[in-house]
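The values are calculated or read from the model by the stated rules, or taken from the named source; none is laboratory data. Small disclaimer: the values here were computed from a predicted structure and weren't measured. We place every Cβ from the backbone using ideal geometry, glycine too, and count neighbours over all the protein chains shown.
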Amino acid sequence: MQKRYIEQMSVSLSPLGFGVMRLPMNGDGTFAEDIYRLLAEAYERGINYFDTAYPYLGGHSEELIRDALVARYPRDTFYIADKLPVWDCRNQDDMKRIFDTQLERLGVEYIDFYLLHGLHRARWAEAHNNGVIEFLNALRLQGKVRKIGFSFHDTYDVLTSILDTYNWDFAMLQINYYDWITHRAKEGYDILAERNIPCMAMEPVGGGRLSKLPEKAEALLKKARPNDSAASWAVRFVAGLHNVAVTLSCMSNRAQMLDNLSLFEPFDPLNEDEQSILRNVAEILKSYKTVPCTTCGYCINVCPKNVDIPQIFNRYNDYVQFENMARFDVDYYAFLPEHRRASVCISCRECVKKCPQNIDIPGRLLMIHAAAVEMLIGVEIEKLKGWPAENSLLVCFGAGNKGRAARRALLECGCKTDYFCDNARPLWGTSVAGAEVISPAQLRQLSQRENVCVLITSTYEDEIKAQLDSMKIPYINS
């Protein structure tokens with residue numbers, strides 16, 4: 001891989017950087033041997049810019065760089081970028097304590113590129129008042145940091161005010177072709193370019209969102225370059241911007257790394273026709289009402305209920321973009337443990353304070369959970385809350401996986417299921433998810449002496465509707 005000489009900083013950097021943020025870990029906070037080999041191979045193939053941060057991978061990413069790179073290769077043959085979590089710093093003593101911990105974790109005496117992590121208006125104001133500029137100047141004078149910058153998530157008037165405050169060496173912005181067109185990423189890029197400040201580009205693939213596209217968007221890319229991945233288009237877009245010094249990719253496996261490396265051996269920038277294709281793809285993506293989550297995971301770290309926010313958003317986005325919402329309800333209940341679903345959110349909004357994308361996380365979680373419940377049972381939640389009517393029994397017809405999930409969803413909405421009904425004879429007389437299973441004949445007898453509301457909770461909905469119609473038993477599902 002050919003290096004790029006960045007004149008403003010007098011350094012030669014690999015155009016592709018390795019973000020040590022989304023690598024798989026063992027349950028005990030360790031890494032498999034192939035993760036060490038992955039970073040070593042990245043170095044051997046020419047990547048010389050490795051980006052980490054104090055909280056990444058539960059605080060273990062800096063140690064991973066120490067063991068995979070610092071312990072194996074000459075220190076002056078690669079660059080380490082690390083970040084100060086200013087939200088954890090009330091004063092310069094906190095800054096020093098965290099910085100010294102970072103040096104120890106990394107096993108180094110200096111950090112090449114040091115960033116203030118995730119600045120926005122309030123965070124920058126607090127850090128500035130706490131003396132962060134004086135702290136950075138002291139580190140530079142001591143030779144403990146070489147280049148100083150910041151990563152940024154806010155409006156571009158805030159970016160301008162931060163740039164006016166200090167003589168920054170570089171800045172890191174979220175840039176990808178979708179945000180470029182729909183979220184004004186170009187404006188932030190242009191501000192840096194006009195000031196001749198190199199840009200480190202993060203999230204070129206939008207946290208993975210641009211690696212897997214809806215069919216009609218994917219078709220546009222495959223028609224032009226049949227053998228190229230969707231992710232490669234996204235990386236080529238960002239790496240082709242002249243003021244981008246490094247395109248940072250948080251690669252999580254060797255296949256992703258090799259795909260990215262192939263783009264720079266040598267680099268093939270997008271031509272005008274390909275730029276036009278990406279604009280069309282962005283417009284297609286814009287038509288889908290997805291959640292702009294990049295799976296950074298900052299929200300999970302502060303959630304008192306440990307809601308699996310990125311997983312919920314990712315599953316929802318997948319089904320929205322691939323027009324397969326009918327499967328979302330099943331996956332939501334099948335793969336997300338009950339104690340980590342959106343329904344346990346208490347709307348404390350601590351997650352919103354940490355979200356770089358400024359997502360209204362509690363509001364989105366409420367919307368997604370409502371959508372999952374409604375799709376699962378085929379009834380709007382507000383209507384459901386009125387069932388069963390007073391002195392009526394609620395019977396779920398279908399005691400399989402969907403029925404079990406539906407019962408949990410009903411309980412979350414405050415609706416008690418009195419019975420299951422099922423056509424499977426072995427289930428009759430048993431208990432499923434805490435409710436007795438009755439036969440269709442028993443359901444008929446029950447309906448003759450009680451007010452019964454039947455909710456179909458089976459994948460064989462049409463067949464059961466016909467069965468209930470023949471039995472002259474009404475059901476809730478429309």
* To do: Could you list, in sequence order, all residues of the stretch 95-126 that are touching a residue at least 12 places away in the same chain (Cβ under 8 Å), over 21 Å from residue 157 (Cβ atoms) and of a type outside the set (A, V, I, L, M, F, W, C)?
  => 96, 101, 102, 105, 107, 109, 110, 112, 114
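Go through the stretch 235-274 and count every residue that is touching a Gly at 6+ places or on another chain (Cβ under 7 Å) and under 11 Å from residue 205 (Cα atoms).
If we filter the stretch 235-274 for residues that are touching a Gly at 6+ places or on another chain (Cβ under 7 Å), which is where we start, we get 246-250, 269-270.
From what's left, under 11 Å from residue 205 (Cα atoms): 247-250.
Number satisfying all stated conditions: 4.
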* **Subset of the stretch 256-286 that is polar (S, T, N, Q) and under 21 Å from residue 223 (Cα atoms) - its residue that is surrounded by the most Cβ atoms within 10 Å (Cβ to Cβ)** => 260
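Given the residues 157, 190, 179, which is the only one that is under 24 Å from the mean Cα position of the chain (by Cα) and either charged (D, E, K, R) or in a loop (DSSP other than H, G, I, E, B) (or both)? Please lay out each step first, then the result.
Working: 157 fails: under 24 Å from the mean Cα position of the chain (by Cα); 190 fails: under 24 Å from the mean Cα position of the chain (by Cα).
When all the criteria are applied, what remains is 179.
I need the full set of residues from the stretch 71-123 which are of a type outside the set (A, V, I, L, M, F, W, C), in a helix (DSSP H, G or I) and closer than 21 Å to residue 197 by Cβ, in order please. First the steps, then the outcome.
Our first condition is that a residue be of a type outside the set (A, V, I, L, M, F, W, C); within the stretch 71-123, this holds for 72-77, 79, 82-83, 85, 88, 90-94, 96-97, 100-102, 104-105, 107, 109-110, 112, 114, 117-118, 120-121, 123.
Now restrict to residues that are in a helix (DSSP H, G or I): 75-77, 88, 92-94, 96-97, 100-102, 104-105, 121, 123.
Residues satisfying the conditions are 121, 123.
Among 282, 234, which is the only one that is modelled with pLDDT of 95 or more, in a helix (DSSP H, G or I) and closer than 15 Å to residue 177 by Cα? Reasoning before the result, please.
Details: 282 fails: modelled with pLDDT of 95 or more.
One residue alone meets the criteria, 234.
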* **Pair list, Cβ under 6 Å, 6 or more apart: the stretch 353-369 residue at negative phi, other residue buried (at least 16 other Cβ atoms within 10 Å of the Cβ) and assigned to a loop (DSSP other than H, G, I, E, B)** => 356/153; 357/292; 362/345; 364/291; 365/345
* To do: Inspect all residues belonging to the stretch 294-306 and state whether any of them is part of a helix (DSSP H, G or I) and modelled with pLDDT of 90 or more.
  => yes
* Top-ranked residue of the stretch 361-383 - restricted to ones that are in contact with a Lys or Arg (Cβ under 9 Å, 6 or more places away or on another chain) and of a type outside the set (A, V, I, L, M), ranked as modelled with the lowest pLDDT -> 369
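Can you go through 57, 69, 23 and tell me which one is touching a residue at least 60 places away in the same chain (Cβ under 8 Å) and farther than 26 Å from residue 268 by Cα? Don't jump to the end; show me each part of the working.
Working: 57 fails: touching a residue at least 60 places away in the same chain (Cβ under 8 Å); 69 fails: touching a residue at least 60 places away in the same chain (Cβ under 8 Å).
Being touching a residue at least 60 places away in the same chain (Cβ under 8 Å) and farther than 26 Å from residue 268 by Cα holds for just one of 57, 69, 23, which is 23.
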* **Pair list, Cβ under 9 Å, 6 or more apart: the stretch 306-322 residue basic (Lys, Arg), other residue part of a helix (DSSP H, G or I)** => 315/328; 315/331; 315/332; 315/335; 315/368
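Go through the residues of the stretch 124-136 one by one and say whether even a single one is in a helix (DSSP H, G or I) and under 21 Å from residue 250 (Cα atoms).
Within the stretch 124-136, none of the residues are in a helix (DSSP H, G or I) and under 21 Å from residue 250 (Cα atoms).
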* Asked: List pairs: first in the stretch 420-440 and of a type in the set (Ser, Thr, Tyr), second buried (at least 16 other Cβ atoms within 10 Å of the Cβ) and in a strand (DSSP E or B), Cβ under 6 Å, 6+ apart or cross-chain?
  -> 430/437
* **Contacts under 6 angstrom Cβ, first residue in the stretch 238-264 being assigned to a strand (DSSP E or B), partner of a type outside the set (Lys, Arg) and surrounded by fewer than 19 Cβ atoms within 10 Å (Cβ to Cβ), 6 or more apart** => 245/6; 264/1
* Evaluate the stretch 176-187: report whether one residue or more is more than 21 Å from residue 56 (Cα to Cα), without any contact (Cβ under 8 Å) to a residue 12 or more places away in the chain and basic (Lys, Arg). => yes
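The rows are residues; the columns are (1) surrounded by 15 or more Cβ atoms within 10 Å (Cβ to Cβ); (2) touching a Cys at 6+ places or on another chain (Cβ under 9 Å); (3) outside the structural domain of residue 197 (by TED's automatic domain parsing).
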residue: 123; (1), (2), (3): yes, no, no
residue: 129; (1), (2), (3): no, no, no
residue: 135; (1), (2), (3): yes, yes, no
residue: 142; (1), (2), (3): no, no, no
residue: 150; (1), (2), (3): yes, no, no
residue: 153; (1), (2), (3): yes, yes, no
residue: 163; (1), (2), (3): yes, no, no
* From 196, 227, 253, which residue is surrounded by fewer than 23 Cβ atoms within 10 Å (Cβ to Cβ) and on the phi > 0 side of the Ramachandran plot? -> 196
